Amino acid sequence: MRRAIYAAELRMHPRAFRERFADEMMCIFDEAAEAEGALKLLIDGAISLLRQWVMRSDFWKPTLAALFTMAQLTMISFMLHLPGPVPSQANQVVREAAPTIGMLQLMLSVATLTVIVVAAITFWIARFQSKRSQPCSRRRSAAA
Amino acid sequence: MKQALLPFLPLSPATLHILLCLAGQPRHGYGIMQDVLRQSNGQYKLGPGTLYDNLQKLMDKGLVEGAPSADANDDPRRRYYQLTAFGRSVLAADVERLKNVIHEAKFHLEAPAVEDLG
């Protein structure tokens, strides 16, 4: 059970790291789980997972940017729909401006979609670049 | 000290221990973990996550490289690592830096404190 959890943790690491070290880390788990304590290794694996995604991968940047933008857009959208106190002048203005709000909603949706597409493209380019820039040792062995 | 080595200094404790382990002979991951524990008298325990994160950085910077397996009966998943010539220079430069730190520390700690003189 613990081995399966550790294997799942390793599978969730970024691909470059996983392809390079997952087998060895699993080998260490098999060898050291009894001596070191499986729970400690599981915690270490979870910390490693966070470290690799948050600190060593560029994936979080476009995702965070997209999330923040979506949060802002949602907030603006929510504020535009906020009902005022019972028949107030402001509420009347909002009702009269219904077509404008519809247009704004459409614009916000398009903007959100654009942000998601840009984030996806940025992520795809980052992955493509990381594939091209192989580590020095691999390049050396390939050259040899 | 060569200017090319300066960006790598000072080494972090984990990096220093890993490079020290590999200075003697090529080792596999678990071997490095055990040797770090021995070097530090059990005070510094390196987990596989920290070890391979550091190895990844060291290999990308060209300080460490893969080495052929020392034992034919080894688990095929096991890989060996060794220092490159550049890695050895960086380690030597950091050890030299640490020597100066120790020299300075000894000088200040062994000199009588100001209040003792007064």
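The values are calculated or read from the model by the stated rules, or taken from the named source; none is laboratory data. No experiment lies behind these values; they were computed from the predicted model shown. Counting neighbours? That spans all protein chains shown, and the Cβs are built from the backbone with ideal geometry, glycine included. Protein only, heavy atoms only, side chains kept; ligands, DNA and RNA dropped before computing areas. Shrake-Rupley method; radii C 1.70, N 1.55, O 1.52, S 1.80 Å.
Could you please find all residues in region B:44-63 being part of a loop (DSSP other than H, G, I, E, B), more than 9 Å from chain A (Cβ to nearest Cβ) and crowded, with 18+ Cβ neighbours inside 10 Å?
Filtering region B:44-63 down to residues part of a loop (DSSP other than H, G, I, E, B) leaves B:44-47, B:61-63.
Imposing the further condition that a residue be more than 9 Å from chain A (Cβ to nearest Cβ) reduces the set to B:44, B:46, B:63.
Within region B:44-63, B:46, B:63 qualify.
Output the residues belonging to region B:3-24 that are without any contact (Cβ under 8 Å) to a residue 40 or more places away in the chain and surrounded by 13 or more Cβ atoms within 10 Å (Cβ to Cβ).
Those that are without any contact (Cβ under 8 Å) to a residue 40 or more places away in the chain and surrounded by 13 or more Cβ atoms within 10 Å (Cβ to Cβ): B:17, B:21.
Determine which member of the set B:19, B:37, B:63, B:83 is more than 21 Å from residue A:23 (Cα to Cα) and touching a Lys or Arg at 6+ places or on another chain (Cβ under 7 Å). Give the derivation first.
Numbers: B:19 fails: touching a Lys or Arg at 6+ places or on another chain (Cβ under 7 Å); B:63 fails: touching a Lys or Arg at 6+ places or on another chain (Cβ under 7 Å); B:83 fails: touching a Lys or Arg at 6+ places or on another chain (Cβ under 7 Å).
Checking each option against the conditions leaves just B:37.
Here is a list of conditions, (1) open to solvent by 90 Å² or more (accessible area, probe 1.4 Å); (2) within 14 Å of the chain's Cα centre (by Cα), and residue B:95 meets all of them except one; can you say which number that is?
Of everything listed in (1) open to solvent by 90 Å² or more (accessible area, probe 1.4 Å); (2) within 14 Å of the chain's Cα centre (by Cα), residue B:95 misses just condition (1).
Looking at (1) away from chain A (no Cβ under 14 Å); (2) in contact (Cβ under 8 Å) with a residue 12 or more places away in the chain; (3) part of a helix (DSSP H, G or I), which one does residue B:70 not meet, given that it meets all the others?
The single condition residue B:70 does not satisfy is (3).
Can we say residue B:83 is away from chain A (no Cβ under 14 Å), on the phi < 0 side of the Ramachandran plot and open to solvent by less than 50 Å² (accessible area, probe 1.4 Å)?
Numbers: away from chain A (no Cβ under 14 Å): no; on the phi < 0 side of the Ramachandran plot: yes; open to solvent by less than 50 Å² (accessible area, probe 1.4 Å): yes.
Considered against the rule, which asks whether it is away from chain A (no Cβ under 14 Å), on the phi < 0 side of the Ramachandran plot and open to solvent by less than 50 Å² (accessible area, probe 1.4 Å), residue B:83 comes out as no.
Does region A:22-67 hold any residues that are more than 8 Å from chain B (Cβ to nearest Cβ), outside any helix (DSSP H, G or I) and either open to solvent by 80 Å² or more (accessible area, probe 1.4 Å) or within 11 Å of residue B:52 (Cβ to Cβ) (or both), and which are they?
A:55, A:58
Within the bounds of region B:30-43, is there any residue that is surrounded by 17 or more Cβ atoms within 10 Å (Cβ to Cβ), without any contact (Cβ under 8 Å) to a residue 60 or more places away in the chain, facing chain A (nearest Cβ under 8 Å) and not in a helix (DSSP H, G or I)?
no
Would you pick out the residues in region A:7-21 that are surrounded by fewer than 16 Cβ atoms within 10 Å (Cβ to Cβ) and part of a helix (DSSP H, G or I)? First the steps, then the outcome.
Going through region A:7-21, the residues surrounded by fewer than 16 Cβ atoms within 10 Å (Cβ to Cβ) turn out to be A:7-8, A:11-12, A:15, A:18-19.
Those that are surrounded by fewer than 16 Cβ atoms within 10 Å (Cβ to Cβ) and part of a helix (DSSP H, G or I): A:7, A:8, A:11, A:15, A:18, A:19.
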